[in-house]
Amino acid sequence: MEGGPEAASKQEFTEFWKRATSSPYIMRLALSAGIGGLLFGYDTGVISGALLYIREDFVEVDKKLWLQEVIVSMAVAGAIIGAALGGWMNDMLGRKTSILGADIVFFLGAIVMAIAPAPWVLVVGRILVGFGVGIASMTSPLYISEASPAAIRGAIVCINGLLITFGQFLSYLINLAFTKVYIYLLG
């Protein structure tokens, strides 16, 4: 097809793996920074299994559909705010500090959800988790791309996307393993 992208050759693929394995630092960096992607994927998938049991523990959640919708959607609202502030945080604090901050906020949100005595506390935890996910979704690919060699940058940045998908898969496995105990799923 004329004018389209060039097909990747076997030699280019082999060259990528040679470079990636010759500098394991880059792979470790991509995997550790990609934890934000893993958390993003996990958070988007885990609520589907947890909501079934949240409804059993909180009668008002079971009776009010809008409350279920709020619990699910507040993570997205937090992620929007986190992603919007993520660029500013990257400039002011740096990439590493922003990733660490995102992970801390995510951790605090998980703790809040695990100890939630009422649905509104669960909503606050979901907002915190979403905020951390938003910061990480802005910062992780940026940090990985800036630290990667130009020749393999695109392939290394793809690790973040793969970890998002793996996080979703992992959340479904954990939903299966911890049925009826949503605290373990969210916290």
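The values are calculated or read from the model by the stated rules, or taken from the named source; none is laboratory data. The structure displayed is predicted, hence computed values, not measured ones. Reconstructed Cβ throughout: ideal geometry from the backbone, glycine too, with neighbour counts over all protein chains shown.
Gly41 fulfils the conditions (1) within 18 Å of the chain's Cα centre (by Cα); (2) at pLDDT below 75; (3) of a type in the set (Gly, Ala, Ser) except for a single criterion, (2). Scanning region 46-89 for residues that are at pLDDT 90 or above and within 19 Å of Ser137 (Cβ to Cβ) yields a count of 18. Of the helices (runs of 4 or more DSSP H) lying entirely inside region 87-187, the ones with 3 or more residues being in contact with a Leu (Cβ under 9 Å, 6 or more places away or on another chain) are found at 95-114, 119-147, 153-177. Contact map, region 31-53: first residue assigned to a helix (DSSP H, G or I), second residue basic (Lys, Arg), Cβ cut-off under 6 Å, separation 6 or more or different chains; pairs are Tyr53/Lys180.
What about Ala84, is it buried (at least 22 other Cβ atoms within 10 Å of the Cβ) and either not polar (S, T, N, Q) or not in a loop (DSSP other than H, G, I, E, B) (or both)? Show your work before the answer.
Working: buried (at least 22 other Cβ atoms within 10 Å of the Cβ): no; either not polar (S, T, N, Q) or not in a loop (DSSP other than H, G, I, E, B) (or both): yes.
Criteria not met by Ala84.
On the given criteria, is Ile135 in contact (Cβ under 8 Å) with a residue 12 or more places away in the chain, touching a Ser or Thr at 6+ places or on another chain (Cβ under 7 Å), crowded, with 22+ Cβ neighbours inside 10 Å and under 26 Å from Glu69 (Cα atoms)?
On the way: in contact (Cβ under 8 Å) with a residue 12 or more places away in the chain: yes; touching a Ser or Thr at 6+ places or on another chain (Cβ under 7 Å): yes; crowded, with 22+ Cβ neighbours inside 10 Å: yes; under 26 Å from Glu69 (Cα atoms): yes.
When the stated conditions are applied, Ile135 passes them.
Restricting attention to region 58-77, the residues that are of a type in the set (Asp, Glu) and either surrounded by 14 or more Cβ atoms within 10 Å (Cβ to Cβ) or farther than 22 Å from Gly109 by Cβ (or both) add up to 1.
Restricting attention to region 90-106, which residues are small (Gly, Ala, Ser), free of Cβ contacts under 8 Å to residues at least 12 places away in the same chain and over 14 Å from Leu142 (Cα atoms)?
Here is the first cut: in region 90-106, the residues small (Gly, Ala, Ser) are 94, 98, 101-102.
Pick out the ones that are also free of Cβ contacts under 8 Å to residues at least 12 places away in the same chain and you get 94.
Result: no residue meets the conditions.
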